[in-house]
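These notes are about the structure you will find just below.
The values are calculated or read from the model by the stated rules, or taken from the named source; none is laboratory data. Bear in mind the structure is a predicted one, so any value in this text is a computation, not a measurement. Virtual Cβ from ideal backbone geometry, glycine too; neighbours counted across all protein chains shown.
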Amino acid sequence: MYHRYLQGLRPAAAYALRALACVALILAVGAQAAGDEGYADEGRDWGIAPTHRLRQQPYHGPTPLQIPGAQVLQTRQLQQMLAGPGAPLLIDVLSEPGHLTLAGALWLSGAGLGTNFLDPVQAVLTQLLARLSGGDKAKPMVFFCAGPQCWLSYNAALRAVAAGYTRVYWYRGGVEAWVAAGLPSARTTGAR
């Protein structure tokens, strides 16, 4: 039926209609790339229950959709937050130097490691966060790592909550979702 309709049109009109159909298809595919699950599975539900405990190795594996005491962000929400007043601290907790990260992020290697909230990692992270926030426990902080199958940022966000911070966010999609959305990135340098 569509082809019969095109046959009745002038060549220029038929061409324009085909071009519009192609644009609509491209936009639909682009919208599906983010889809209901966001970018890079950032909203995918693997049926993992949230926990108040720090995850031990392996740190790579499906993560929960929620985190106790903190709020989960998806890519578009983080973009809006960064564009608004009072931008949050972006904290990358991956361990390897030289990895891709979000532009403007602070790299706190190892902040998601450790065994409990009384260990040396907690003490060091608490001091670092106090310095970075200027002692403001309401300073918004966004923790992230590789992607939705990385527990390091989940752990680091739990550590910030345990340290008394009240505006803690977990960017579950991490670097994978940010890059999939085509947003500005940079490479980490040095070691911390």
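Are any residues in the stretch 166-184 of a type outside the set (Lys, Arg) and surrounded by 24 or more Cβ atoms within 10 Å (Cβ to Cβ), and if so, which ones?
Within the stretch 166-184, the subset of a type outside the set (Lys, Arg) is 166, 168-171, 173-184.
Scanning the stretch 166-184 gives Val168, Tyr169, Trp170, Tyr171, Gly173, Gly174, Ala177, Trp178.
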Suppose the filter is modelled with pLDDT of 95 or more and not hydroxyl-bearing (Ser, Thr, Tyr); does Ala160 pass it? yes
For the stretch 134-159, which residues satisfy the criterion of being closer than 22 Å to Gly84 by Cβ, touching a helix residue (DSSP H, G or I) at 6+ places or on another chain (Cβ under 6 Å) and either in a helix (DSSP H, G or I) or aromatic (Phe, Trp, Tyr) (or both)? Phe143, Phe144
Please state which of the following conditions Tyr165 fails to meet, knowing it meets all the rest: (1) touching a Leu at 6+ places or on another chain (Cβ under 6 Å); (2) part of a loop (DSSP other than H, G, I, E, B). (1)
Taking the stretch 96-112 on its own, how many of its residues are over 13 Å from Ala157 (Cβ atoms) and buried (at least 18 other Cβ atoms within 10 Å of the Cβ)? 5
Is it true that some residue in the stretch 80-91 is closer than 23 Å to Thr63 by Cα, without any contact (Cβ under 8 Å) to a residue 40 or more places away in the chain, touching a Leu at 6+ places or on another chain (Cβ under 9 Å) and among the β-branched types (Val, Ile, Thr)? no
